[in-house]
Amino acid sequence: MTTSQGAADFRLTVLNPGGRDPEQQFHSVPAPSEGAHPPINFHAFAACTLGTFHYSRRRAIAEDTPVLLLLRSDFRASERALHDLKKQGRTVAVSLKETGLHQIAKQLCDRAKLSRFMKIVAQADGCIATTPEAAEIYQRVRGKQDPATVAFIPTPYPIEDQRWNFSVPANEQSGIFVGTREWDVPSRNHFIALLVARQLCDATGEPVSVVNLDGHKGCRLLDELKFPDGKLRLVEKPKPYSDFLRDVARHKIVLQLDRSHVPGQVAGDALLCRIVCVGGDGAIERIAFPKTCGEGQTITEIASNALDLLKNADLRAAIVAESQERARERLSFQAMRSQLAKFFASLRKDKTTDSVDSRAK
């Protein structure tokens, strides 16, 4: 399975037991607006391997493929699914469905959930982490088990598929898109990001786009920031993913100050839009935008970088070109399919070795 042919043959089932996300068979990578769910987040793990995404453990078992089992809600359904999958001899890796550090902390402050989490992570064949920080957590929970059974595998993006290229000409781009939207999550730093965006707007005249799904409450908060007249654009209704990307692509940069160590969909969206993502610390940002991400940067330094990028089209183009090259090597569907194939092949090898050792005893 470590050969290119093995990677080409590899199929993965992603199981979100009892979840609400639509089930989906990826016979091919869907085009924008095709299929029940775009090939992003954990659907991307199924899509990049031409596998399946299920919420029914019975249908996941019937696939007869390795399984990435998502841990969600109170973990009860995930625990039952792991038992049934292992009973049927499936190779199972697990991952928390929500993997920002603030999300992990919120999920594991309940004793019963923590107990199930510890058991599931220890009993699974391996763990896939979509952030380096989650990988460290899984490794410490598994203790003395083989470190190679835990892998940091970032969320794949269909970078190599031109149907997912949402770029627009530079002369049609204007303004700043604020990548965060949650006022009440401290690590998102949404308020501070808006202050920086307003400062950049004052300095350059560039408009600022903000997602506001909080209705009048959100509008009242934004009114207090006193953006210049006509310079604040609001996105106030959820849009289909492809329409949302078309909107993002019309901007010069995406700006955020997120310190949640999330997988990094905001930066992934920027990759598909072929624009620069500035200021966050998500896994995708750290891989694709190392010069403009917020890791190790002060707010003042991030604001200065953003100002330079807004003023310099050549600099933006250079950062975008570098991000695309990094993404093709480390985040594309082809690259991630190969990495997943190798990882699950190693888990199967470990299972076979353990079984032989057990019979020998």
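The values are calculated or read from the model by the stated rules, or taken from the named source; none is laboratory data. All values reported here derive from a predicted model rather than from experimental measurement. With ligands, DNA and RNA removed, areas are computed over all heavy atoms of the protein, side chains included. Shrake-Rupley method; radii C 1.70, N 1.55, O 1.52, S 1.80 Å.
Compute the helix-to-body angle for 111-123: its Cα long axis versus the longest principal axis of the chain, expressed 0 to 90° and rounded to tens.
Long axis of 111-123 versus the principal axis of the chain: about 60 degrees.
In µm²/s, what is D for the chain at 25 °C and 0.890 mPa s, where D = kT/(6 pi eta Rh) by Stokes-Einstein and Rh is the Kirkwood radius from Cα pairs?
115
How much of the DSSP beta bridge set in the chain is antiparallel, as a percent to the nearest 5?
5
Just list whichever of K106/K226; K311/K342; K106/K144; K217/K239 have alpha carbons separated by over 32 Å in the model shown.
Over 32 Å Cα-Cα: K106/K226; K311/K342.
Apply the Karplus curve 6.51 cos²θ - 1.76 cosθ + 1.60, θ = phi - 60°, to the phi angles in region 296-303 and return the couplings in whole Hz, x for Gly and Pro.
x, 10, 7, 4, 4, 5, 5, 4
Roughly what angle does helix 132-142 make with the longest principal axis of the chain, taking Cα atoms, 0 to 90 degrees, to the nearest 10?
30
If I compute solvent accessible area with a 1.4 Å probe over the protein chains, what percent of it on region 118-263 is carbon and sulfur?
52
When all C-alpha to C-alpha distances in region 114-227 are sorted into bins of 5 Å, what percent of pairs does each bin hold, rounded to whole numbers?
Result, from short to long distances: 2, 9, 13, 12, 10, 11, 13, 12, 9, 6, 3, 0 percent.
Over all directions, how big on average is the projection of the convex hull of the alpha-carbon atoms in region 42-153, in square nanometres?
Average projection, Cα convex hull of region 42-153: 6.6 nm².
Specify the residue with the greatest mean-square fluctuation among T292, T180, T204, computed from a Gaussian network of the chain linking alpha-carbon atoms under 10 Å apart.
Largest GNM mean-square fluctuation: T204.
If you project the alpha carbons of region 233-338 onto the principal axes, what extent comes out on each, in Å, largest first?
Extents along the principal axes: 39, 32, 30 Å.
Would you mind checking which residues have amide H under 5 Å from V14's amide H? H placed 1.01 Å from N; only 5 or more apart, or other chain.
The list, which skips near neighbours in sequence, is T52, F53, H54, L68.
When Rg is the radius of gyration of the Cα atoms in region 185-247 and Rh is its Kirkwood radius, what does Rg/Rh come to?
So for region 185-247, dividing Rg by the Kirkwood Rh gives 0.97.
Mean 1/r over all different Cα pairs, inverted: what Kirkwood radius does region 7-99 give, in Å?
That comes to 13.1 Å for region 7-99.
Hey, can you find the accessible area per residue of the chain for me, probe 1.4 Å, expressed in square angstrom?
Accessible surface, normalised per residue, equals 46 Å².
Using only Cα atoms, tell me the angle between helix 190-204 and the longest principal axis of the chain; keep it within 0 to 90° and round to the nearest 10.
Tilt relative to the chain: about 40 degrees.
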